[in-house]
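Heads up, the thing below is written out as structure tokens.
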Amino acid sequence: MGEARTEHEVHQEHQKLVRALADQHARTDVQDHEGVPDEAFDILVERAQALMAYEQQMPALLAEPQRLRSQKVIFWSWRVQSAVAIALIITFRLLGYSDGWYALVVPHLVATLCGWRLEATVKNHLARRNASIALHAVGALLVLVVLGVLPPWFIVALLIGWAFVGTAVADGQGAGK
């Protein structure tokens, strides 16, 4: 995609292409009485093709600023949650917690490390951004459960949260293809 342009800039470029096509059509129409030269007709066709190509790109161009925001959210969310899992593991070692909680924290760490590779495309960025935001709720729930603030039966909510995040990321994967 390159750089993100504002919606106004995208529409201005579209209008510029429409005006160029209309101007060329007007020139061709004026020459119609004495026959249209091949060059004028070729230019008219080129401008029409350029306009059609740009109109096909417009949805992606208009979505690019949002996609870039989503990419930042995705990038940082998964890394922050990896850091949370690492901090929990270090805390377990320092405080001498039982090794049972590693069964929750290590999979969380592995899953968040796998999420580092996620990319936002025009089609999947919203699903992945929502999954990345929900990941923070899952991470907060994990911290509260393993530190004993919430009872262990909240592990069910944690698993449901991961199912939601995994499904949202997978849906985003299917939409990106």
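Values for this structure:
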| item | result |
| --- | --- |
| Yes/no for Ser77 being open to solvent by less than 70 Å² (accessible area, probe 1.4 Å), over 16 Å from Ile155 (Cβ atoms) and out of contact with any Phe, Trp or Tyr (no Cβ under 9 Å at 6 or more places or on another chain) | yes |
| Sole exception among (1) farther than 30 Å from Gln66 by Cα; (2) buried (at least 19 other Cβ atoms within 10 Å of the Cβ) for Ala87, by number | (2) |
| Selected residue (criterion: most open to solvent (accessible area, probe 1.4 Å)) from residues of the stretch 91-125 that are more than 24 Å from Leu159 (Cβ to Cβ) and assigned to a helix (DSSP H, G or I) | Arg93 |
| Residue match in the stretch 81-91 (condition: touching a helix residue (DSSP H, G or I) at 6+ places or on another chain (Cβ under 7 Å) and free of Cβ contacts under 8 Å to residues at least 24 places away in the same chain) | yes |
| Any pair with Cβ under 9 angstrom, 6 or more apart, that starts in the stretch 135-158 at a residue that is open to solvent by 50 Å² or more (accessible area, probe 1.4 Å) and ends at one that is among the polar types (S, T, N, Q) | His136/Ser77; His136/Gln81; Leu147/Thr91 |
| Selection status of Ala127, of a type in the set (A, V, I, L, M) and either farther than 30 Å from Glu13 by Cα or out of contact with any helix residue (DSSP H, G or I) (no Cβ under 8 Å at 6 or more places or on another chain) (or both) | no |
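The values are calculated or read from the model by the stated rules, or taken from the named source; none is laboratory data. No experiment lies behind these values; they were computed from the predicted model shown. Neighbour counts run over all protein chains shown; Cβ positions are idealised from the backbone, glycine included. Please note that ligands, DNA and RNA were not included when accessible areas were found on the heavy atoms of the full protein model with its side chains. Shrake-Rupley method; radii C 1.70, N 1.55, O 1.52, S 1.80 Å.
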